[in-house]
Structures are given as C-alpha cells and as structure tokens.
Amino acid sequence: ALSVRRAALLPPPGAPGDPAGQELPVESRPFASYGSVLLVSLPRPLRAGQLLTLEVDYEVGEGPGVCWLAPEQTAGKQKPYMYTQGQAVLNRSFFPGFDTPSVKCTYSATVKVPEGFTAVMSATSWEKQKDNTFVFKMSQPIPSYLIALAVGDIVSADVGPRSRVWAEPCLIEAAKKEYDGVIEEFLTVGEKLFGPYVWGRYDILFMPPSFPFGGMENPCLTFVTPCLLAGDRSLVDVIIHEISHSWFGNLVTNATWGEFWLNEGFTMYAQRRISTEVYGSAYTCLEAATGRALLRQHMDNTGEDHPLNKLRVVIEPGVNPDDTYNETPYEKGYCFVSYLAHLVGDQSKFDAFLQAYVNQFKFQSITADDALGFFLEYFPELKEKGVDSIPGFEFDRWLNTPGWPPYLPDLSPGEQLMKPAEELAELWAADSLNMEAIEAVDIMAWRTYQLVYFLDRVLQKSPLPEGNVERLSKMYPKISKAQNAELRLRWCQIVLRNNLEAEYSKVKDFLHSQGKQKYTLPLYRAMWGGSEAARALAMETFSATAPQLHVNVQNYVKKILGLAGA
C-alpha cells in the first residue's frame, strides 16, 4: 500500500550542507502479511542518543489503514471522504514509522485538501492556513496507532468549554443536541477520579456509517459511529468509554498487543466508575451485566479454553494482532481490575491507587508485570499477605490460563432493573401467553440497557413457542421499530433465531444503514447458521453492501460466508 520513492539524511538544523540531504539506499524486506520491513542504510554508525533527521518521500493509495469513501458511502451522499484507522497495526499503510505501541513520540503534520473540504487530526493544536492547508501539532508523546486523519465535508459545533462535535452538515444538529453539555460532565468526573486531563481539547468526530467501530479513542478527537446519534442520549456510555481511554490506553499504554487488557480492562473499569458517579450503580451494573453476557457468548462460541481467552495472549510471529481482537481483554480484563479493587476492599483507596498508577506510568508503555508490580508496591500489606498467589486466583492464572474469570464483581445493585426484565422474558417464553401479566408491565419507562437485557434474555430463550415473537413484535413497537442500534441488533438476532421471515427486511435495512463490526458480524453468523432463506438473505445483503464496508469487515464476512479468497 505504501511505496517509498526516496530517503535522505538531512543536515542538522543550522548546519551547512545540501538542504536536499544525502540520498540513502532503501530496500523493502518481507516481514509478515500485515507489513514489511523498510531498511534504510545510513552512511556511518550512530552513537546512542544522537539525533538525526531522516526524510522519507513516499506515496500511499488504497491501504488497509487509509479508507477512501465514495460519496454514496457518506451520510450526505454528495462528496467523497477519507479517514485513517491505525489500531492495531494499520498505520504502517499510512506512513512509514515504528508501528508498535511500545514506542511513543510527538508529531506534526501539514495537510493540503481541495476547496470545500476540511481536515482534522488527533492533535493538540489545529490551524487553518491559506490555500486550504491545515497545520497540526501533537505536543504529547503518543504511540503510532493513535495518529489519525479525516478529510471530508465536515463542520463543527461547540458542546462544552473544551469540546466540539464534528460531523457532516446533515448530522451536525443531531450531534449537537445529543452531546451538548454531557461531555464536560464526564471529563470532570474522570479528572476527579483519575487525575488531570492532559490532552487539552476533547472533540468528537461522527464518522460516515461505514466506520467499523463504535469508537476509536484518537487523542483530542475521538472518532465515533453515527449509530450513537440515537436521539435520546441512550448510548453515551460509548463516549464515557472513549473518554476513559484518555487515561488508560492513551496516557498509559500496553507495550504489546498481547497485553491489550491493560488498555481495555482498565478502561472498562474506569468507564464503569464514571458511569456509577453519573448514573448510579444500578444502571452501571445493568450495563456491566450486558458486557458479561457478551463475554459468555464469546466464550461459548470459541470454547472456554481457546488460547485467545487469556489476558496475556501469545501472538505468534506472523499472526496479525487485529485477528486476536475479542471480548476477553475488555470484560475479563474488567473482572481482573475489579478483583484488584476487591483485594483492596475500599473504593476510595483503589481510586487513589488508579490515580497514582496513571501518574507513575503516564506517557509510557508498560507490561502487565509493571502494572501488577506497582500494585503490590503501592499496597505493601497486600504484598506481604501474598495476594498474588491465592489458590485459584493467582495473578499468573489470571494472565496465562484461558477461561471464565475466576472472580466476578457483584452486580446485584442492578437486580432491581434486571429482575423485571428477566420475569418479562419468562412470560414471553411460555407456551401459552399470560397476556394479563404481560400487559401489567410498562416497558415505556425502561432505559436502553434494561431493554437490551430483556432482549438478551428473549434471545437466550429463542426460538420461542409458535406465534409468540409475532405478538411480541406487535405489542412493543418501541423495540421492533426501534432506531437505536443496540436494540436493532438484538431485534434482528431474535428475528433470525426465530426464523421470522416476515421481518427479514429489518435485518437487511439495519445492515444497509451501518457497517459497525460488532453489529455486522453477529448478524452474518446468525444468518449463515440459519435456514436456507436466511443464508440467501446473507448473500443478497452482502453483495449489495460489500462496497460500503471497511475492508477488514468485508474479509471477516467473507470468512463467515465461506467465500473464496478469504
């Protein structure tokens, strides 16, 4: 994807010498399916700590990390769009560099775009100059995967003292309405819990519908799916997750992708701490229960003892780290951080530890041994007690043994919201429906995660007895006609599990409306595991939507559908 035209060693600033520099021999050597080695031969050996300026002239076209969208793949359908997605190892197709999370650096960029387009980057400063040229600087050191660029017909609106939303013009009003005022609240709580927010601004860019992720925590400018514009602020927890990365992941970073839980497990814990402060523990426990159900589903799919179901994943040479992505580092990681908090036994003491941890390792890349070593040093009384080797809960077992988490945090504060949802699902799974009991439950007041929990239970009990799903669909248009993506996903899964062909169009419409990986892949798996009609729906939908999907997602779907070349 990236071709190098020339490399040169430039004279040190202010020194005499040809400003074009001394041209150097360059060669490309094989490395793995996901990149190659760029070898630049220097004229003489260097001393440790010597600074040099190397200029590499290169060109990039279609690459896995650089996404070029045709106008029809955008929300406005008028102008093309481009964006980059670096995590985990894709930025090597955007610029030559040390593409590993173990190295951090500052960066600057000058980006010239055509008239009528705007460029934005993950940078602490942003300046528009003449000739539609934008200049960016990131003054804090970051790992390569967090460098991001987007160019399109995008405009912005302020939603807080240090925050604005960016989106295509047709989405900007909805974005402003959904996020006005809330971001600052989350940032303030985050700072109170984890220490200063060091990135200056926190802006959000609403991406075109084909963006494959819920969010990408690019510093200063989180990229998010437009699915978050639910119209009722019901999906803001994704934003809380990305904000939490400002401390865990972006400030303190996993040194290798095999210990991704250091980014995601800590971030899930931080997200749920912020959510508890803002929304209370009942709601947060309900959201965490939904996460636990996803982990259960994942482990049932792969088998508990699958090697990916460890917190410390051995990524063999040649294996693409992107292919190891799954729920484990998020939800099992969350359980491990919760276990550490449980060992401490006092929330305010553990909060203080997290602040000290961030302060100790900020702007560094660390291993699990660094993190756990610091934990034991911070709590010498726990170290003395040997908490790292309690039988069944050994730190070593958490890291290196696949399977279900040895410790699960108590989610009982969520019972008051879960119990009614569980009871209602029971009623709908009965052979003869007790309509009186069903009608006595008013779900209009339920928040999104309570409805999600209910639908997860219905899905677990599916296929339901004959005719029940049709009645459920009629009775709750709030669910079967929902615009909220989390509800649409579950409803589509229920339609497929119950083979409700009358509503297949809802599956098709949902897959046409967005290309998020976490929504797209489960639905193709469900279709492919279903009836002949469901398989036909999968093939028809994929052939119509493939061009609007991210290349990684296209390949994963091809794998599910057994299409050649995957």
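Is there a residue being part of a loop (DSSP other than H, G, I, E, B), open to solvent by 20 Å² or more (accessible area, probe 1.4 Å) and on the phi > 0 side of the Ramachandran plot anywhere in the range 206-219?
As a first pass, look at the range 206-219 and keep what is part of a loop (DSSP other than H, G, I, E, B): 207-214, 217-219.
Still in the running and open to solvent by 20 Å² or more (accessible area, probe 1.4 Å): 209, 213.
Keeping just the survivors that are on the phi > 0 side of the Ramachandran plot gives none.
Within the range 206-219, not a single residue is part of a loop (DSSP other than H, G, I, E, B), open to solvent by 20 Å² or more (accessible area, probe 1.4 Å) and on the phi > 0 side of the Ramachandran plot.
Name the residue, out of Phe117, Phe136, that is without any contact (Cβ under 8 Å) to a residue 40 or more places away in the chain, closer than 20 Å to Gly65 by Cα and of a type outside the set (Lys, Arg). Even if it seems obvious, please write down each step before you answer.
Numbers: Phe117 fails: closer than 20 Å to Gly65 by Cα.
Of Phe117, Phe136, the one residue that is without any contact (Cβ under 8 Å) to a residue 40 or more places away in the chain, closer than 20 Å to Gly65 by Cα and of a type outside the set (Lys, Arg) is Phe136.
Quick one: in the range 224-261, which of the residues that are in a loop (DSSP other than H, G, I, E, B) and of a type in the set (Gly, Ala, Ser) is surrounded by the fewest Cβ atoms within 10 Å (Cβ to Cβ)? Before you say what the answer is, go through the steps one by one.
Taking the range 224-261 and keeping what is in a loop (DSSP other than H, G, I, E, B), we get 225, 229-236, 245-247, 249-251, 255-256, 260.
Filter again for of a type in the set (Gly, Ala, Ser), leaving 230-231, 234, 246, 249, 255.
On the way: Ala230: 18, Gly231: 11, Ser234: 18, Ser246: 25, Gly249: 25, Ala255: 18.
Filtering the range 224-261 for residues that are in a loop (DSSP other than H, G, I, E, B) and of a type in the set (Gly, Ala, Ser), the one surrounded by the fewest Cβ atoms within 10 Å (Cβ to Cβ) comes out as Gly231.
So which of Glu377, Glu264, Glu287 ends up being in contact with a Phe, Trp or Tyr (Cβ under 9 Å, 6 or more places away or on another chain), in a helix (DSSP H, G or I), of a type in the set (D, E, K, R) and more than 16 Å from Pro409 (Cα to Cα)? Quick ask: steps written out before the conclusion?
Values: Glu377 fails: in contact with a Phe, Trp or Tyr (Cβ under 9 Å, 6 or more places away or on another chain); Glu287 fails: more than 16 Å from Pro409 (Cα to Cα).
Just one listed residue meets the conditions, Glu264.
So Glu264 clears everything in (1) in contact with a helix residue (DSSP H, G or I) (Cβ under 9 Å, 6 or more places away or on another chain); (2) in the same structural domain as Lys137 (by the TED database); (3) farther than 30 Å from Pro71 by Cα; (4) open to solvent by less than 10 Å² (accessible area, probe 1.4 Å) except one condition, right? Which one?
Single failed check for Glu264: (2).
Starting from the range 495-506, take each residue that is at negative phi and touching a residue at least 24 places away in the same chain (Cβ under 8 Å) and list its partners that are open to solvent by 20 Å² or more (accessible area, probe 1.4 Å) and of a type in the set (Lys, Arg), counting only C-beta distances under 7 angstrom and pairs at least six apart or across chains.
Val495/Lys506
Let me confirm something: among Asp322, Asp370, Asp305, which residue is farther than 24 Å from Leu193 by Cα and outside any loop (DSSP other than H, G, I, E, B)? Working first, answer last.
Working: Asp370 fails: farther than 24 Å from Leu193 by Cα; Asp305 fails: outside any loop (DSSP other than H, G, I, E, B).
Just one listed residue meets the conditions, Asp322.
Pick from the range 320-348 the residues that are touching a residue at least 24 places away in the same chain (Cβ under 8 Å) and of a type in the set (D, E, K, R): which of them is nearest to Gln554 (Cα to Cα)?
Of the range 320-348, the ones touching a residue at least 24 places away in the same chain (Cβ under 8 Å) are 320-322, 324-344.
Of the ones still in play, those that are also of a type in the set (D, E, K, R) are 322, 327, 331-332.
On the way: Asp322: 14, Glu327: 20, Glu331: 26, Lys332: 28 Å.
Within the range 320-348, the match that is nearest to Gln554 (Cα to Cα) is Asp322.
Against the definition (open to solvent by less than 30 Å² (accessible area, probe 1.4 Å), within 23 Å of Lys192 (Cβ to Cβ), acidic (Asp, Glu) and not in a loop (DSSP other than H, G, I, E, B)), how does Glu277 come out, yes or no? Break it down into steps so the answer makes sense when it comes.
Working: open to solvent by less than 30 Å² (accessible area, probe 1.4 Å): no; within 23 Å of Lys192 (Cβ to Cβ): yes; acidic (Asp, Glu): yes; not in a loop (DSSP other than H, G, I, E, B): yes.
Judged against the criteria, Glu277 is not a match.
The values are calculated or read from the model by the stated rules, or taken from the named source; none is laboratory data. Since we're looking at a predicted model, the values are computed, not measured. Backbone-built Cβ (ideal geometry, glycine too); neighbour counts: all protein chains shown. The protein model used for the area step is the full one, side chains on, heavy atoms only, and it has no ligands, DNA or RNA in it. Shrake-Rupley method; radii C 1.70, N 1.55, O 1.52, S 1.80 Å.
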